[in-house]
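Here is the structure we will look at.
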Amino acid sequence: MNMASSKHHVQHKQRLVSGMSVDIEDWFQVGAFEKVIDRRDWNGLSDRVDRNVRLILDLFDEACVKATFFTLGWVAARHNSLMQELVARGHEVASHGWDHERVFTMDRAQFAADIDRARKQIEDAGGVRVQGYRAPSFSIDSRTPWAFEVLAEKGYRYSSSVAPIRHDHYGWAEAPPFAFHPLEGQDLIEIPVTTAKLGSRRLGAGGGGFFRILPYHFSRWAISQNIYKFERPAVFYFHPWEIDPDQPRVAAAPLRSRLRHYTKLEHMAGKLRRLLKEFSWGRMDELAQVEKARLESEAV
């Protein structure tokens, strides 16, 4: 490779814009607490999602970043003005299902009803068409490939619902690590959350607890590996409750769940500021368009 082509190669990789996303759910709606907090009690619990999302919006404004907010329909129903604020500030609103029911707990008809209900609520609140979906807890896996058929039937453009790793809570280790068409002859594109390759192992590295608990340099290495080695954009996610060290504590939850949920909450905002400045980030719908074009060009 000569110097001119090498310079072009580096510039191409530097122009890669990765996907920044936020899964809007409150502290009491996470999968780790589902056995100790009943959905019927949600309305009586401290609602902190509006405050936390607005803090995130300010973080994004500081870094001039636009992102995608995968939102529970349950949240959108109670925070119409927040949905409107997200749209007004240039972000994408997308679906995270109705109330964080994982896909593998539903049958096909129940899943269709869930995403219909959530989409209508989010669209009514935000005033824009919802085109993207992320399954709660990345719960589209080897048990639920039919979910892609339902999403395609409903006209979704993209999904970001697969974690191609082995994990005790979720994962589809056999899935491709980068964007792919899950259905032959269909436009629907799946954009998995970012992983890192270490020898023969694929590690979770796309955000959430991996980012919050592990040293910052691990995430920096993983994202850089995607961009500079594999020449693919990263997909990063986190939750509003992860920047809220003052949230209520769920003492009845298992120790492992409490450690995962509460560890290093106080450091999350600072780490996010660093991440937002170090890489180029954009909305998931825009990333889906770029990746769809790439897949089409590779198929020629």
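The values are calculated or read from the model by the stated rules, or taken from the named source; none is laboratory data. All values reported here derive from a predicted model rather than from experimental measurement. Please note: Cβ atoms are built from the backbone with ideal geometry, for glycine as well, and neighbour counts cover all protein chains shown.
Within segment 96-113, can one find any residue that is part of a helix (DSSP H, G or I), surrounded by 23 or more Cβ atoms within 10 Å (Cβ to Cβ), within 20 Å of the chain's Cα centre (by Cα) and small (G, A, S)?
no
Any idea how many residues of segment 57-81 are surrounded by 22 or more Cβ atoms within 10 Å (Cβ to Cβ) and either in a helix (DSSP H, G or I) or without any contact (Cβ under 8 Å) to a residue 24 or more places away in the chain (or both)?
The total comes to 4.
Which of the residues that make up segment 237-253 are of a type outside the set (S, T, N, Q) and in contact (Cβ under 8 Å) with a residue 60 or more places away in the chain? Before the answer, list the steps.
To start, the set of residues in segment 237-253 that are of a type outside the set (S, T, N, Q) comprises 237-246, 248-253.
Listed by number, the residues that qualify are Y237, F238, H239, P240, W241, I243, D244, P248, V250, A252, A253.
Looking at segment 114-130 only, could you name the residues that are out of contact with any Gly (no Cβ under 8 Å at 6 or more places or on another chain) and buried (at least 20 other Cβ atoms within 10 Å of the Cβ)?
Of everything in segment 114-130, those that are out of contact with any Gly (no Cβ under 8 Å at 6 or more places or on another chain) and buried (at least 20 other Cβ atoms within 10 Å of the Cβ) turn out to be A125, G126, V130.
With respect to the numbered conditions (1) touching a helix residue (DSSP H, G or I) at 6+ places or on another chain (Cβ under 8 Å); (2) at pLDDT below 95, which one is the sole condition not fulfilled by Q121?
Looking at each condition in turn, Q121 falls short on (2).
Within segment 145-163, count every residue that is surrounded by fewer than 24 Cβ atoms within 10 Å (Cβ to Cβ) and at pLDDT 95 or above. Step through it out loud before you land on a result.
Within segment 145-163, the first condition is being surrounded by fewer than 24 Cβ atoms within 10 Å (Cβ to Cβ), and the residues that meet it are 145-146, 148-150, 152-157.
Those still in the list that are at pLDDT 95 or above too: 146, 148-150, 152-157.
Qualifying residue count, segment 145-163: 10.
It is to be established whether one or more residues within segment 201-212 are of a type in the set (A, V, I, L, M, F, W, C), farther than 25 Å from S142 by Cβ and either touching a helix residue (DSSP H, G or I) at 6+ places or on another chain (Cβ under 9 Å) or free of Cβ contacts under 8 Å to residues at least 40 places away in the same chain (or both).
Residues of segment 201-212 of a type in the set (A, V, I, L, M, F, W, C): 203, 205, 210-211.
Subsequent filtering for residues that are farther than 25 Å from S142 by Cβ retains 211.
When the remaining residues are screened for being either touching a helix residue (DSSP H, G or I) at 6+ places or on another chain (Cβ under 9 Å) or free of Cβ contacts under 8 Å to residues at least 40 places away in the same chain (or both), the result is 211.
So far as segment 201-212 goes, yes, one or more of its residues are of a type in the set (A, V, I, L, M, F, W, C), farther than 25 Å from S142 by Cβ and either touching a helix residue (DSSP H, G or I) at 6+ places or on another chain (Cβ under 9 Å) or free of Cβ contacts under 8 Å to residues at least 40 places away in the same chain (or both).
Against the condition farther than 15 Å from M106 by Cβ, small (G, A, S) and buried (at least 19 other Cβ atoms within 10 Å of the Cβ), how does G171 come out, does it pass? Quick ask: steps written out before the conclusion?
Values: farther than 15 Å from M106 by Cβ: yes; small (G, A, S): yes; buried (at least 19 other Cβ atoms within 10 Å of the Cβ): yes.
It is true that G171 is farther than 15 Å from M106 by Cβ, small (G, A, S) and buried (at least 19 other Cβ atoms within 10 Å of the Cβ).
Does G171 satisfy the criteria of being assigned to a loop (DSSP other than H, G, I, E, B) and without any contact (Cβ under 8 Å) to a residue 12 or more places away in the chain?
Numbers: assigned to a loop (DSSP other than H, G, I, E, B): yes; without any contact (Cβ under 8 Å) to a residue 12 or more places away in the chain: no.
No, not satisfied.
Contact list please: Cβ distance under 7 Å, first residue in segment 107-133 and over 15 Å from H96 (Cα atoms), second residue of a type outside the set (V, I, T), pairs at least six apart or on different chains.
R108/W146; G127/Q84
Looking at (1) modelled with pLDDT of 95 or more; (2) of a type in the set (S, T, Y); (3) not in a loop (DSSP other than H, G, I, E, B), which is the only condition S5 fails?
Result: S5 passes all but (1).
Taking helices (runs of 4 or more DSSP H) that do not extend beyond segment 183-296, which have at least 1 residues that are under 28 Å from Q131 (Cβ atoms) and out of contact with any Lys or Arg (no Cβ under 9 Å at 6 or more places or on another chain)? Break it down stepwise before answering.
Working: elements: 208-213, 216-224, 255-262, 268-278.
So the answer is 208-213, 216-224, 268-278.
Output the residues belonging to segment 179-191 that are closer than 21 Å to S219 by Cβ and touching a Phe, Trp or Tyr at 6+ places or on another chain (Cβ under 7 Å). Step through it out loud before you land on a result.
Step one: filter segment 179-191 for residues closer than 21 Å to S219 by Cβ, giving 179, 191.
The answer is I191, and nothing else.
Of all residues being of a type in the set (D, E, K, R) and in contact (Cβ under 8 Å) with a residue 12 or more places away in the chain in segment 213-236, which is surrounded by the most Cβ atoms within 10 Å (Cβ to Cβ)? Just the residue, please. Walk me through how you get there before you give the answer.
Of all residues in segment 213-236, those of a type in the set (D, E, K, R) come to 220, 229, 231-232.
Now narrow it down to the ones that are in contact (Cβ under 8 Å) with a residue 12 or more places away in the chain: 220, 231-232.
On the way: R220: 16, E231: 13, R232: 19.
The selected residue is R232.
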